[in-house]
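Single-structure report; data block below.
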Amino acid sequence: IEARGFIFGPPIALAIGAKFVPLRKPKKLPGKVISEEYILEYGRDCLEMHVGAVEAGERALVVDLIATGGTLCAAMNLLERVGAEVVECACVIELPDLKKIEPLVKIYSQLVSNMRLGLADEDDILVLGRERLNGKPLYVLVESH
């Protein structure tokens, strides 16, 4: 996911023999795209992906940093809309100082927001130690303290 995911995504994709598919902010990708709008703590934003970049049935690993979980949820929704199976989310770093709220509380808040929008349900739980986002494993590689 733009932009930190561009630093870590390609080497991870290369290492596991997968393709790298960039998910970008609006109007950054050439050609036909599909998009997913999502809610942030300060407004709305959108992610786009090339049409045909991911085929139905393909497995996906989402790589980004984690602050609120909103961008990750949007990426997962976008990939699942085209029939991909999101297997895991790998977050390179967490940003706990964003609004001075603990990261897990922010993820929970995003899940509650998504539940209100009908984008998540009670099965999309957050499990301490091995977090889950929209029912998928969420790994934070570098936690701040």
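The values are calculated or read from the model by the stated rules, or taken from the named source; none is laboratory data. All values reported here derive from a predicted model rather than from experimental measurement. Note that we place each Cβ from the backbone using ideal geometry, even for glycine, and neighbour counts take in every protein chain shown. These accessible areas exclude ligands, DNA and RNA; they are computed on the full protein's heavy atoms, side chains included. Shrake-Rupley method; radii C 1.70, N 1.55, O 1.52, S 1.80 Å.
Residue 136 satisfies every condition listed in (1) modelled with pLDDT of 85 or more; (2) under 14 Å from the mean Cα position of the chain (by Cα); (3) basic (Lys, Arg) except (1).
With respect to the conditions (1) open to solvent by less than 20 Å² (accessible area, probe 1.4 Å); (2) at pLDDT below 90, residue 93 lacks only one, and its number is (1). Taking (1) open to solvent by less than 20 Å² (accessible area, probe 1.4 Å); (2) at pLDDT 90 or above in turn, residue 111 satisfies each apart from (2). Output the number of residues of the range 20-40 satisfying the condition of being of a type in the set (D, E, K, R) and either open to solvent by less than 80 Å² (accessible area, probe 1.4 Å) or within 14 Å of residue 62 (Cβ to Cβ) (or both). Count: 3.
Within the range 48-63, identify whether any single residue is open to solvent by less than 10 Å² (accessible area, probe 1.4 Å) and modelled with pLDDT under 90, and answer yes or no.
Within the range 48-63, one or more residues are open to solvent by less than 10 Å² (accessible area, probe 1.4 Å) and modelled with pLDDT under 90.
Just checking, which of 17, 9 is modelled with pLDDT under 90 and crowded, with 16+ Cβ neighbours inside 10 Å?
On the way: 17 fails: crowded, with 16+ Cβ neighbours inside 10 Å.
That would be 9, the only listed residue that is modelled with pLDDT under 90 and crowded, with 16+ Cβ neighbours inside 10 Å.
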